[in-house]
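The values are calculated or read from the model by the stated rules, or taken from the named source; none is laboratory data. Being a predicted model, the structure only gives us computed values, none of them experimental. Here Cβ is always computed from backbone atoms with ideal geometry, including for glycine, and neighbour counts include all displayed protein chains.
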Amino acid sequence: MKQQYGQILTIPKPFVKWAGGKRQLIPILNENLPKTFGTYFEPFLGGGALLFHMLIEHNGQKCSISDLNSDLVLSYTTIRDRIESLIHSLKNHEKNYQKDSKSYYYSIRESNPRSQIEKTSRLIFLNRTCFNGLYRVNSKGKFNVPLGKYTNPNIVNEDNLRSVGHILQSSRVDIKCRDFEFVLRDAKKGDLVYFDPPYQPVSDTANFTSYTNKDFTYDDLGRLAELCIKLDSKGCRVLLSNSNSKEVSDMFSTKPWKINKIKANRSINSNSKKRTGHFELLIKNY
Ligand SMILES: C[S@@+](CC[C@H](N)C(=O)[O-])C[C@H]1O[C@@H](n2cnc3c(N)ncnc32)[C@H](O)[C@@H]1O
């Protein structure tokens with residue numbers, strides 16, 4: 001599969017920069033995957049770093065992916081089903097942005113398009129041009145990140161979008177917008193479920209990112225821990241990422257959970273002394 005991508009298309013990678021994205025942790029996540037499994041479930045999809053790795057490495061892998069952010073989920077289906085119209089719309093954004101980036105950015109941020117294409121191209125455009133490529137909404141669900149400082153942002157990134165569209169079309173991927181708990185209905189014995197929820201803050205003052213108009217609370221973490229136990233009794237393999245926080249290690253302190261503290265570098269730097277290292281938890285039942 002990798003070779004096929006080398007020849008005709010670029011290797012697909014996340015089409016949005018997403019807070020908590022796992023691209024830099026792929027090698028360690030890969031080492032922690034079970035050798036064999038049935039369907040791959042990813043109920044906190046975000047930018048889907050592990051999903052794309054899965055699709056490239058495991059040809060024909062059946063996947064079931066979901067997220068609560070409806071605009072994000074819509075983007076995956078738009079890229080899969082309507083790539084040409086999407087690229088056309090993004091090119092329009094690019095042209096207008098080049099004329100007057102500031103006023104165009106804020107006019108699009110304020111807009112509320114109804115069509116599938118316009119909604120998706122707005123999300124990708126804002127993600128490419130906003131400060132830090134963050135996705136953050138207020139309590140009313142309104143995107144509220146200011147304009148970023150870029151001289152020449154890659155708004156269209158056509159090769160990657162085509163490649164993502166191609167792999168989603170040719171693979172067995174089921175895409176849904178829903179709360180993570182619904183995974184219990186579908187996952188069966190031998191399936192793998194990877195949970196990468198919004199992280200538990202490590203301190204009261206830690207920054208919290210709102211991916212949807214509903215924050216991920218301590219109660220949600222409790223719901224997730226209970227769900228993990230139910231999936232374990234069903235015979236599913238469960239892998240979970242979270243922050244190195246006491247709340248999380250307390251909730252997963254008993255059998256069957258094995259907790260690994262892993263080093264997560266926030267930025268890639270050839271000089272290891274300049275890396276800003278911190279620890280995260282990787283928890284699994286196998
Ligand atoms: C840490 S991000 C996932 C990052 C992803 N692994 C990546 O590589 O980009 C967490 C995701 O969970 C989603 N989310 C938040 N609450 C949710 C819920 N109750 N059910 C399902 N998804 C939820 C957010 O929209 C966000 O995309």
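Assorted remarks:
- Residues of the stretch 133-152 satisfying the condition of being surrounded by 15 or more Cβ atoms within 10 Å (Cβ to Cβ) and over 19 Å from the mean Cα position of the chain (by Cα): Leu147, Gly148, Tyr150
- The stretch 19-36, subset in contact (Cβ under 8 Å) with a residue 60 or more places away in the chain and in contact with a Leu (Cβ under 8 Å, 6 or more places away or on another chain), residue nearest to the ligand (Cβ to nearest atom): Lys22
- Only helices (runs of 4 or more DSSP H) whose full extent lies in the stretch 37-113 are considered here, and the ones with at least 1 residues that are away from the ligand (no atom under 16 Å from the Cβ), closer than 19 Å to Gln169 by Cβ and hydrophobic (A, V, I, L, M, F, W, C) are 83-99.
- Odd one out for Tyr194, checked against (1) surrounded by 16 or more Cβ atoms within 10 Å (Cβ to Cβ); (2) modelled with pLDDT of 95 or more; (3) over 14 Å from the mean Cα position of the chain (by Cα): (3)
- Qualifying positions in the stretch 49-95 - surrounded by fewer than 18 Cβ atoms within 10 Å (Cβ to Cβ) and of a type in the set (Ser, Thr, Tyr): Ser70, Thr77, Ser85
- Per-region count, the stretch 12-34, residues under 24 Å from Ser75 (Cα atoms), of a type in the set (A, V, I, L, M) and at pLDDT 95 or above: 3
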